Amino acid sequence: MPDLESFIRALPKAELHLHIEGSLEPEMVFDLARKHGVTLKYPTVEALRAAYDFHDLQSFLDIYYAGADVLREESDFYDMTAAYLTRAHADGVVHTEIFFDPQTHTERGIAMGVVIGGISRALKDAETRYGITSRLILCFLRHLSEESAMQALEQALAFRDQFVAVGLDSSEKGHPPSKFARVFARARAEGLLAVAHAGEEGPPAYIREALGQLKVVRIDHGVRCEEDAALVQRLATEQIPLTVCPLSNIRLKVFPRMADHNLGRLLQQGLCVTVNSDDPAYFGGYVLANYMAVAKALALSRAQLRQLARNSITASFLDAPAKQHWLARIDAFDEVES
Ligand code: ADE
Ligand code: ZN
């Protein structure tokens, strides 16, 4: 029997919750700062990494947006995305659905085409090089206004063929999904799918709102659903996927310790939970590290780990034949590996 890490690495997996700006490693932050003559608040890579000591979502977001300021040219977005895809491929990720935050860049005067162009070019090259497939999801920053989100959407529609869905991220508390109902309606009218961060720090009511008002097909995080038994039941019955990010939840103090994480309980109740890395450069690990952390802390069985991999494929935006291909690979893997 292969060791746990080899077993998880070899499982075909999709990553469905990854902020590309959150994959910007401190070394690349320094390289890009040097390239563009940007003075950083921290003198060294080590000092920057040491600042990644968060007490909640907002304390992380403040550093995350500051880090993204070094992204200026198309090649910067390309290099950041290419580096993520290389790491994801090494972890056994076969398909990835990537969030990007255009407002973080357009508000600094970076053109939408520079952002989408650099990311898309890296996605294409990685598919050629590694066979890894991908989709892009445009996220609106919920701490900004509805008008700003609508403007970002209108600008991005010039590149409509390069993303498949819209999402909602940033500071959750005090910014309910309902604030963006009209923007999401406009996006859906364009044929875009919808997802939203909800129930990370915010209450279960935000998950209900995201489903009811934004018509999302997946919930990002969603771990606070557990406080509402009827909602848990609904998520299980309707098989609405949750893109859970274990290391993120610990680093942002959503749960005190990994042993307290509710992923195992939600899985046991039949929810379509998936494992993802959120902002791996900031939270201490990519997708394999996230699987390893929950596998160990929650003593997940190999059958449960295979279920998580299956869920990631089922919950993805891949077409039916591609899903069948990967699910068959996971099933075949069952017999050989365990
Ligand atoms: N942006 C990047 N990571 C995020 C997270 N975990 N929650 C909300 N917004 C984010
Ligand atoms: Zn996230």
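More than 24 angstrom separation, counting every C-alpha pair in the range 140-249; what % is that?
22
So which lysines pass the test for LYS173, namely a Cα distance under 19 Å, with those fewer than 8 places away in the same chain ruled out?
Cα-Cα hits under 19 Å: LYS253.
So with the 1.4 Å probe, I'd like the accessible area per residue for the range 11-127, rounded to whole Å². The partial results should precede the final answer.
Values: 4220 Å² over 117 residues.
Result: 36 Å² per residue.
Treating cross-link reach as a plain straight distance, find the aspartates and glutamates whose alpha-carbon is under 15 Å from the alpha-carbon of LYS41, omitting any fewer than eight places away in the same chain.
GLU27, ASP31, ASP62, ASP69
What residues qualify as long-range amide H neighbours of THR96, i.e. H under 5 Å apart, gap of 5 or more or another chain, H built at 1.01 Å from N?
GLU15, THR133, SER134, ARG135
Identify, among GLY131, SER170, THR106, the residue whose Cα sits farthest towards the positive end of the charge dipole of the range 78-209, taking +1 on the Cβ of Lys and Arg and -1 on the Cβ of Asp and Glu, with the dipole about the Cα centre.
GLY131
Which one of VAL294, GLN233, VAL216 is farthest out on the positive end of the charge dipole of the range 188-314, using unit charges on Cβ (Lys, Arg +1; Asp, Glu -1) and the Cα centre as origin?
It is VAL294, whose Cα lies furthest towards the positive end.
Under the Karplus relation 6.51 cos²θ - 1.76 cosθ + 1.60, θ = phi - 60°, what is the ordered set of whole-Hz ³J(HN,Hα) values for the range 310-324, x standing for Gly and Pro?
Once θ is set to phi - 60°, the couplings for the range 310-324 become 4, 4, 5, 6, 4, 7, 6, 9, 5, 6, 4, x, 5, 4, 4 Hz.
Please state the shape class of the range 6-105: rounded when a/c is under 1.5, otherwise prolate if a/b exceeds b/c and oblate if not, all from the C-alpha gyration tensor.
Here the range 6-105 falls in the prolate category.
Report, to the nearest whole %, how much of the accessible area of the chain belongs to carbon and sulfur atoms, 1.4 Å probe, protein only.
That fraction is 52 percent.
Go through the range 255-265 residue by residue and turn each phi into a ³J(HN,Hα) via Karplus (6.51, -1.76, 1.60, θ = phi - 60°); whole Hz please, and just put x for glycine and proline.
10, x, 9, 4, 5, 8, 5, 8, 4, x, 5
I'd like the distance separating the alpha-carbon centroids of the range 219-251 and the range 289-336, in whole Å.
When both Cα centres are located, 18 Å separates them.
Under 16 Å Cα to Cα from LYS215, which lysines show up? Leave out anything in the same chain fewer than 8 places away.
LYS179
Give, rounded to the nearest 20 debye, the magnitude of the charge dipole that the chain has about its Cα centre when Lys and Arg contribute +1 at Cβ and Asp and Glu contribute -1 at Cβ.
With Lys and Arg at +1 and Asp and Glu at -1, about 480 debye.
Which whole-Hz couplings ³J(HN,Hα) result when phi for each residue of the range 195-203 is put into the Karplus expression 6.51 cos²θ - 1.76 cosθ + 1.60, θ = phi - 60°, listed in order with x for Gly and Pro?
Values, residue by residue: 9, 7, 5, 7, x, 8, 9, x, x Hz.
For the range 210-338, what does the accessible surface come to per residue with a 1.4 Å probe? Please give it in Å².
Roughly 38 Å² per residue, with all protein chains present.
Can you tell me how the chain classifies by the Cα gyration tensor, rounded, prolate or oblate, using a/c under 1.5 as the rounded cut?
Since a/c stays below 1.5, the shape of the chain is classed as rounded.
The values are calculated or read from the model by the stated rules, or taken from the named source; none is laboratory data. Note that the coordinates shown come from a computational prediction; the quantities given were computed from them, not determined experimentally. Positions of Cβ are backbone-derived with ideal geometry, glycine not excepted, and every protein chain shown enters the neighbour counts. SASA here: full protein model, heavy atoms, side chains in, ligands and nucleic acids out. Shrake-Rupley method; radii C 1.70, N 1.55, O 1.52, S 1.80 Å.
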